[in-house]
Amino acid sequence: MTPDTDRSSADEELSRRIVDLIARGEARSRSELAAALGLAPSTVSLRVQSLLDAGLLDERGEGTSRGGRRPRLLGIDENSGIVLTVDLGGGHARVGAHSLSGKLRETRSIPVVLADGPESTLDAVCRVFDELGRDTTIRAIGISLPGPVDIATGTVTQPSRMPGWPGFRVVDHVRQRYGVTVAVDNDANLAALGEHRAQFGATGHSITVKAGTAIGSGIIVDGHIHRGATGAAGDITHTRIDGSGDIPCSCGNTGCLETVASGASLVRQMRERGRTDVATTVDVLALARDAEPEATTIVRTAGTHLGQALSGVVNFFNPHAVFLTGSMSASEPFIAAVRSRVYEACHPLATQQLRIEAAQTRADAILYGAARWALDNLELPTA
Ligand SMILES: [Zn+2]
């Protein structure tokens, strides 16, 4: 890395933190920013100016003076454009339109068939983008894909999950059409980023587990996605669970977390007990909500297994929070079981301030994360 790219990435990082502090209402003027960031006012002013020039921030009157000149108040320019996002899933895509502070203003859902390949899927999504962006300026686009992604090239890296997609340059394809920043990542990372930024802003550490039909997780370190050496960080689903039996897993091993705690495994367990009326994770959760004894036990046990897998991670990584998203996060007995296993199995120092709770961004976590990721990648003029 050359010193120049070092400096520009430091500039970008500072821009992110400035936008974040203002969007969260934690700073309203240059002097409050300088105090919050522990930086010289001149450094902050330079960055603020380029954010004003880029139309991300605006000035809105004067605040009260604490001696000297009255500070000019800063805000996010909510009218200078939108960020568009999409959460591509197996059978449908959720599309979002966000303000430049990342707030979700509007969502649409459309059916998509990923197996039809990237061009027809993305064309369907772009038609919705066109509608949502019709009367405004599209400033950036964030795309969530349901599988491992090489974020440098914006391509899918695992053929098994999305036939026809590997090698296709998602970022280039969409950027060609709109000529704006396009940022891509996988759903687990973006859910983690969306929930983390909503709760903690651009600092702090957390893990977000998406527990639905499958289990995935994303790791946030100091407010940023931690991807690991090969993009595999957070792949908690193949953690071996002691005493889980020897059920074969999709990865070729046996006894993985996926085989005992995923929604798919809950359905399998219910059907093995003769409940052939159970077809989906939601069916199992509905039975558990009605206090059906077998479903309740199975859901609790799944929570305990996830808690077991997480306890090693929590001891080692010492996050501020573990957030749960996906259909199973709607089940309080599931979350309670995760929580009690983690607290029981972890060193008290690691759990002293730890929060384990359902994500507050709920089903929109991925869209929020995609918007933040796109905004983080927005090309800003460097001062
Ligand atoms: Zn496995």
Given Cβ charges of +1 for Lys and Arg and -1 for Asp and Glu, the option among Leu57, Val184, Gly38 whose Cα lies farthest towards the positive end of the dipole of the chain is Gly38
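With a cap of 16 neighbouring Cβ atoms within 10 Å, and only residues DSSP puts in a loop, list the GluC sites (Glu not before Pro) found in segment 2-79.
On the way: sites: Glu12, Glu13, Glu26, Glu32, Glu59, Glu62, Glu78; in loops: Glu26, Glu78.
Filter output for segment 2-79: Glu26, Glu78.
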Could you tell me how many degrees, from 0 to 90 and to the nearest 10, lie between the Cα long axis of helix 293-317 and the main elongation axis, the longest principal axis, of the Cα atoms of the chain? 50
Out of Ile247, Ile141, Ile236, a Gaussian network model of the chain with alpha-carbon springs under 10 Å gives the largest mean-square fluctuation to Ile247
Here, Arg60 and Ala286, labelled 7 Å along Cα→Cβ, have an inter-label distance in nm of 4.4
If the viscosity is 0.890 mPa s and the temperature 25 °C, what Stokes-Einstein diffusion coefficient in µm²/s follows for segment 203-360 when Rh is the Kirkwood radius over Cα pairs? 156
log10 I(q)/I(0), Debye, Cα-only segment 158-247, no solvent, q = 0.15 Å⁻¹? -0.75
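Show me the trypsin sites (Lys or Arg not before Pro) within segment 115-144 that DSSP assigns to loop and that have at most 11 other Cβ atoms within 10 Å of their Cβ.
Working: sites: Arg127, Arg134, Arg139; in loops: Arg134.
Loop-located and lightly packed - Arg134.
Just the number, please: Stokes-Einstein D of segment 142-294 in µm²/s, Kirkwood Rh from C-alpha pairs, 4 °C, 1.567 mPa s. Walk me through the numbers on the way to the answer.
Working: Rh = 17.5 Å.
Answer, rounded: 74 µm²/s.
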I'd like the antiparallel share, as a percent to the nearest 5, of DSSP beta bridges with both residues in segment 203-360. 55
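What ratio of Cα Rg to 2.2 N^0.38 Å holds for segment 205-283?
On the way: Rg = 14.7 Å, N = 79, 2.2 N^0.38 = 11.6 Å.
Output field value: 1.27.
How much length is gained if the chain between Arg70 and Thr276 is pulled fully straight, taking 0.36 nm per residue apart and subtracting their Cα-Cα distance, in nm to one decimal?
Net length gain for the segment: 67.1 nm.
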By the scheme Lys and Arg +1, Asp and Glu -1, what is the net charge of all other residues having a beta-carbon under 11 Å from that of Ser45? +3
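I need the fraction of alpha carbon pairs in the chain separated by more than 30 Å, rounded to a whole percent.
Numbers: 32014 of 73153 pairs.
Of all Cα-Cα distances in the chain, 44 percent exceed 30 Å.
All other residues with a Cβ under 12 Å from the Cβ of Arg169 taken together, and with Lys, Arg as +1 and Asp, Glu as -1, what is their net charge? It would help to have the intermediate numbers written out before the result.
Values: positive: Arg175; negative: Glu119, Asp150, Asp172.
Around Arg169, the surrounding residues sum to -2.
None of the figures in this text is laboratory data; all of them are computed from the coordinates on show. Remember, it's a predicted structure, so these values are computed and weren't measured experimentally. Using ideal geometry, Cβ is built from the backbone for each residue, glycine included, and neighbour counts are taken over all protein chains shown.
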